[in-house]
Amino acid sequence: MRWLFADYHKKGEKIIWLPYGITFKYLSPKDQIPNEKKFVEDTNRILNSFEKKSEAEKNSIASGSLSITDIPIVYANALLATGNFVLVQYENRDLALEFFKKAISYSPDYYKTYEILGVYYLNIKDCSNAEKSLLKSIDLYPYDRTAFVFLYGTYSLCYNDKVKQKFVTDLYQQTFQKDFFKDKCVGFKFFYEF
């Protein structure tokens, strides 16, 4: 199953970028991918060292800095990447879902967490949760075309509901002033693996 995590090929060699806390670790063809237990232990150790604070401490270097607001999003993205890796590498859907939900807990207003969760639900044919997650993503940030594509896919593949499909294409037209089916940003085939 191909999800959002990817490996890359360079001159015939397979290159893997392993999620490692909030960064990625390069694994050469000689390196071994850790087993699932070790990977999860290492990931939790790294991410648990992050102390989530609701606001910057007074008189700290970060106090008053707008960049402090980006930290939860960085951790949410790390958790999303980790969930995708667990899903692709170890095929552990339950653990991947835990990472996706934890990403939401770190950054509940970050649209991408709901988008990824929606794609996850769509791929396991949980149509109701896919719809809810993708609608939440669009509600939080209506300028991301990807969520529209997957929401349309949900209405098309899960429900076969022409009225809801039209709702998505009309909302897309209203938001982007472009035809959903003619917009080159959306002009790719669905790649769901059901």
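The values are calculated or read from the model by the stated rules, or taken from the named source; none is laboratory data. Remember, predicted model here, so these are calculated numbers, not experimental data. No Cβ is skipped: glycine too gets one built from the backbone with ideal geometry, and neighbour counts run over all protein chains shown. Remember, those area values only see protein heavy atoms, side chains included, never the ligands or the DNA or RNA. Shrake-Rupley method; radii C 1.70, N 1.55, O 1.52, S 1.80 Å.
Structure notes:
- Filtered residues of the stretch 141-159 (kept if of a type in the set (Ser, Thr, Tyr) and buried (at least 17 other Cβ atoms within 10 Å of the Cβ)): 146, 152, 154, 155
- Test: residue in the stretch 14-22 that is closer than 29 Å to residue 140 by Cα, open to solvent by 50 Å² or more (accessible area, probe 1.4 Å) and modelled with pLDDT of 75 or more: yes
The rows are residues; the columns are (1) buried (at least 20 other Cβ atoms within 10 Å of the Cβ); (2) over 12 Å from the mean Cα position of the chain (by Cα); (3) among the acidic types (Asp, Glu); (4) within 23 Å of residue 79 (Cβ to Cβ).
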position	(1), (2), (3), (4)
123	no, yes, no, yes
133	yes, no, no, yes
139	no, yes, yes, yes
161	no, yes, yes, no
166	no, yes, no, no
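- Hits in the stretch 97-108 (condition: under 24 Å from residue 153 (Cβ atoms) and either open to solvent by 60 Å² or more (accessible area, probe 1.4 Å) or basic (Lys, Arg) (or both)): 101
- Selection within the stretch 80-96 - surrounded by fewer than 18 Cβ atoms within 10 Å (Cβ to Cβ) and within 23 Å of residue 70 (Cα to Cα): none
- Residue count, the stretch 89-116 (criterion: touching a residue at least 24 places away in the same chain (Cβ under 8 Å) and over 13 Å from the mean Cα position of the chain (by Cα)): 8
- Of all residues making up the stretch 176-187, the number that are open to solvent by less than 40 Å² (accessible area, probe 1.4 Å) and not charged (D, E, K, R): 3
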